[in-house]
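Colleague: Got a structure here, written out as structure tokens. Questions coming.
Nothing in this text is a laboratory measurement; each read-out follows from the coordinates by a stated rule. Predicted model, so just to flag it, every value in this text is computed and none were measured. A quick note on method: Cβ atoms are made from the backbone with ideal geometry, for glycine too, and the neighbour counts reach across all protein chains shown.
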Amino acid sequence: MYDFSKQISSFHTDYVRLSNPQRADMKRRRDINLTRIENGLSELEKPAFKDTINQGGYAQKTMTQPPEADEESRYDIDLGVVFETDDALGPRTSRNWVRDAIARKATNMKNDPVTKKKCVRVVYSDGYQCDFPVFRRRWTDVGWKYELSAGDEWIDSDPRAMNAWIELQVSAKSPEMSGSYQLRRVIRLGKFFSKTHAARLNLSFPGGLVATALFIEAYTSDDGRDDRSFRETLRSLSQRSKYSPVYANGFQVSDDKDVERIGRLIDQATSSLEALDALDDDASDDKKARGAWRKTFKHSFFAEPVKEEAKAAMALETKSAVGAGLAVPFLASAAAAALSDAERTERMESAVKSRQSSGEGGKPWSS
Amino acid sequence: MVKLTPEPQVPGGLFADFSAAVAEHQPELAVTTWKDCVVLAGNLVVSGPDGPFDAYQIQVAIPPGFPWQEPVVFETAGRIPKIADRHVFEDNENCCLGVWEEWLFKSPDQSASSFLTGPLHDYFLSQCWYEATSEWPFGDRSHGSLGVLEGFCELLGIAVDRQQAVSHLKLLARENIKGHVACPCRSGKRLRNCHIAKFTELREWMLPFMAKRMLDRIQE
């Protein structure tokens, strides 16, 4: 196969993986939400939560940037909120506490927070979606035991075990490489691939844990060649049945609604493989490789170099314009996003004080 | 207060002026043109004496009549709810930085730099603060025409009273202020025997063209 590993690696770094400022932004949002829940519960005179558990792509470090054609789409945050068993009431009531606490404190939500079967969901006006699963915990001889509020039941759950299982898969299955693990990169490329085609076709594809588990299942390692590893992972995927349930850490994580979604991902993998397999031809060159990978990821990163240069020049004008600004080497906005909450608050307070003392701070108005 | 004269304040050209100001104060904004307007788009970095701490994605259209014409500002990432309580016009979803004439009079100059570091930055600094505290750090104006009236009355140094503001501005809109007219304070005295000193001082910086403009605005 024509070696395009360097380009795939750059693509992963610049357009697929979340940058540190983006991760910092996620952390900031997560913390804001936590404070909202904490204050809201207190104002509602409900019991305080005792612990939180990071879940999902953020915890598993498999979050990806939005696909090129769907830059408005943002990332989801999953954060488990844990009450003591003695404090929690019924599963539905406990979820409603969290919903009411958020509704009380948040101002920029697109819709009111909703109690879903297994979480409280908040969609913010800027596209972020936060899911808050609600747990209760009690201390047992073997440590904390967690139960998830699901519908009208409390069901046994070990939220941290899934993160640990994924971490173990990533470290055990990836070839020895310094830096990062290949499986994690392949999961990210896979999730990006799934999101890209979902946006292109305006259809649902597997996401979240189902996508992660599918790419773990199909992963084929290839030391030093992420391009070949990803192609062979797509091949394994294309050979599975959409009806086979997807498992993670011994639990089935897919359900009936995922069958068609998995089917679409399999079809897309098959179609991309046709293009990528052509790169086995000895006559392959950079141009053909770009074409095949562009077909796979539908991204202008793989456009012809001339166009890319022109784009880069244009991007320089519009990069900050669209506010992407996230892959740029150093930007004040990126530095700001990477601040801790305490640093941010300190700087904000000094900015406000400085304007207040100058007596020049403008008073906003509206019609 | 600053004495404003009707001549354009940016004779060197808006594009050059904003390009230089952006490079100095907000380098993450791109400066382009669209029709007659200069357009700024990108990240507006919010900062203070200790450095940057936040950023908003914005687009600003600077009309050719700047500074007399007010720029139109949009927050484009949807972070600020598009509601009046967050000082966003609900019709077009553009940000309302403040009562424009207040800035015109209070700013030491009406340059692109002063706009970027003054009302534009203050608005997003206020939004950051509001997100954290639900309070406006520098206060805010009432919604609608009352907010404009509040701003004008503050400039005129009177209590918020539409009739008083109108009579003050009508007098200030005249080319010559004569002492025999009735004082706008409604004391029943002639101006020369009442608030002449105040109007002499107001006339120092509020020329008739601005008073007319403000009068038109509150009589709309």
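Colleague: Between A:Asp341 and A:Val114, what is the label-to-label distance in nm when each label sits 7 Å out along the Cα-to-Cβ direction?
Modeller: 2.8
Colleague: Report the longest stretch of chain A that contains none of the GluC sites (Glu not before Pro) sitting in a DSSP loop with at most 14 other Cβ atoms within 10 Å.
Modeller: A:177-367
Colleague: Can you check what the Kirkwood hydrodynamic radius comes to for chain A, Cα pairs only, in Å to one decimal?
Modeller: Across chain A, the inverse of the average 1/r is 22.7 Å.
Colleague: List the residues, sorted by chain then number, that are 5 or more residues from B:Val88 or on another chain and whose placed amide H is less than 5 Å from its amide H.
Modeller: B:Ile83, B:Cys96
Colleague: Okay, moving on. Report ³J(HN,Hα) in whole Hz for each residue of region B:28-36, in order, from the Karplus equation J = 6.51 cos²θ - 1.76 cosθ + 1.60 where θ = phi - 60°; Gly and Pro get x.
Modeller: 8, 9, 9, 10, 9, 10, 9, 6, 8
Colleague: Let me ask something else. Check which residues have an amide H placed less than 5 Å from A:Trp144's amide H, if you skip close sequence neighbours.
Modeller: Sorted by chain and number, the residues that satisfy this come to none at all.
Colleague: Oh, and also: Between A:Lys6 and A:Glu38, what is the label-to-label distance in nm when each label sits 7 Å out along the Cα-to-Cβ direction?
Modeller: Distance between label points: 4.8 nm.
Colleague: With a cut-off of 8 Å between alpha carbons and a minimum separation of six or more residues, what is the relative contact order of region B:14-133 in percent?
Modeller: It rounds to 20 percent for region B:14-133.
Colleague: Can you give the Kirkwood hydrodynamic radius for region B:1-120, in Å, rounded to one decimal and based on Cα pairs?
Modeller: In region B:1-120 this quantity evaluates to 14.9 Å.
Colleague: Another question, if that's okay. Please list, in order along region A:133-141, the HN-Hα scalar couplings obtained from phi with the Karplus expression 6.51 cos²θ - 1.76 cosθ + 1.60 (θ = phi - 60°), rounded to whole Hz, x for Gly and Pro.
Modeller: With coefficients 6.51, -1.76 and 1.60, one gets x, 10, 10, 10, 9, 9, 7, 10, 4 Hz.
Colleague: Moving on to the next point. What FRET efficiency comes out for the pair A:Asp14/A:Arg200, r = Cβ-Cβ distance, R0 = 25 Å, nearest 0.05?
Modeller: Once the sixth-power term is evaluated, E becomes 0.80.
Colleague: Cross-link candidates for A:Lys27: which lysines have Cα within less than 16 Å, leaving aside residues fewer than 8 places away along the same chain?
Modeller: Reachable lysines: A:Lys61.
Colleague: Can I ask one more? Could you tell me how many degrees, from 0 to 90 and to the nearest 10, lie between the Cα long axis of helix B:196-205 and the main elongation axis, the longest principal axis, of the Cα atoms of chain B?
Modeller: Compared with the principal axis, the helix lies near 30 degrees.
Colleague: So what is the calculated 222 nm ellipticity per residue for chain B, using -39500 (n - 2.57) for each DSSP H run with n of 4 or more, over all residues, to the nearest 500 deg cm²/dmol?
Modeller: Mean residue ellipticity at 222 nm (helix-derived): -11000 deg cm²/dmol.
Colleague: Let me ask something else. For B:Ile62, A:Ile266, which order do you get if you count the other beta carbons within 10 Å of each Cβ and list the fewest first?
Modeller: A:Ile266, B:Ile62
Colleague: While we're looking at this one, here's another question. Run down the lysines and flag those whose C-alpha is under 23 Å from the C-alpha of B:Lys198, throwing out any fewer than 8 positions away in its chain.
Modeller: Leaving aside lysines fewer than 8 places away in the same chain, those within reach of B:Lys198 are B:Lys3, B:Lys106, B:Lys170, B:Lys178, B:Lys189, B:Lys212.
Colleague: Still on this structure, please answer the following. Report the net charge of residues surrounding B:Asn92, where surrounding means a beta-carbon distance below 14 angstrom and charges are Lys +1, Arg +1, Asp -1, Glu -1.
Modeller: The answer is -4.
Colleague: Let me ask another. Pairs to check: A:Lys50/A:Lys353; A:Lys46/A:Lys195; A:Lys50/A:Lys116; A:Lys6/A:Lys298. Give those whose C-alpha atoms are more than 30 Å from each other in this structure.
Modeller: Correct reply: A:Lys50/A:Lys353; A:Lys46/A:Lys195.
Colleague: Hey, rough spin-label estimate for A:Lys295 and A:Thr93, points 7 angstrom out along Cα→Cβ, what's it come to in nanometres?
Modeller: About 6.0 nm, to one decimal.
Colleague: Also, quick follow-up: Output wanted: per-residue J couplings in Hz (rounded whole) for region A:277-291, from phi through Karplus 6.51 cos²θ - 1.76 cosθ + 1.60, θ = phi - 60°, x for Gly and Pro.
Modeller: 5, 5, 6, 6, 4, 4, 7, 5, 9, 4, 5, 5, 5, 4, x
Colleague: Another one. Using Cα pairs closer than 8 Å and at least 6 residues apart in sequence, work out the relative contact order for chain A, in percent.
Modeller: It comes to 17 percent, rounded to a whole number.
Colleague: Dipole magnitude of region B:144-219 about its Cα centre, charges +1 at Lys/Arg Cβ and -1 at Asp/Glu Cβ only, in debye to the nearest 20?
Modeller: I would put it at about 380 debye.
Colleague: Next up: Would you list which aspartates and glutamates come within 18 Å of A:Lys257, measuring only between C-alpha atoms, while excluding same-chain residues fewer than 8 positions from it?
Modeller: Output for A:Lys257: A:Asp267.
Colleague: Using only the Cα atoms of chain B, what semi-axes does the equivalent ellipsoid have when each is the square root of 5 times a gyration tensor eigenvalue? Give whole Å, largest first.
Modeller: Semi-axis lengths for chain B are 35, 20, 15 Å.
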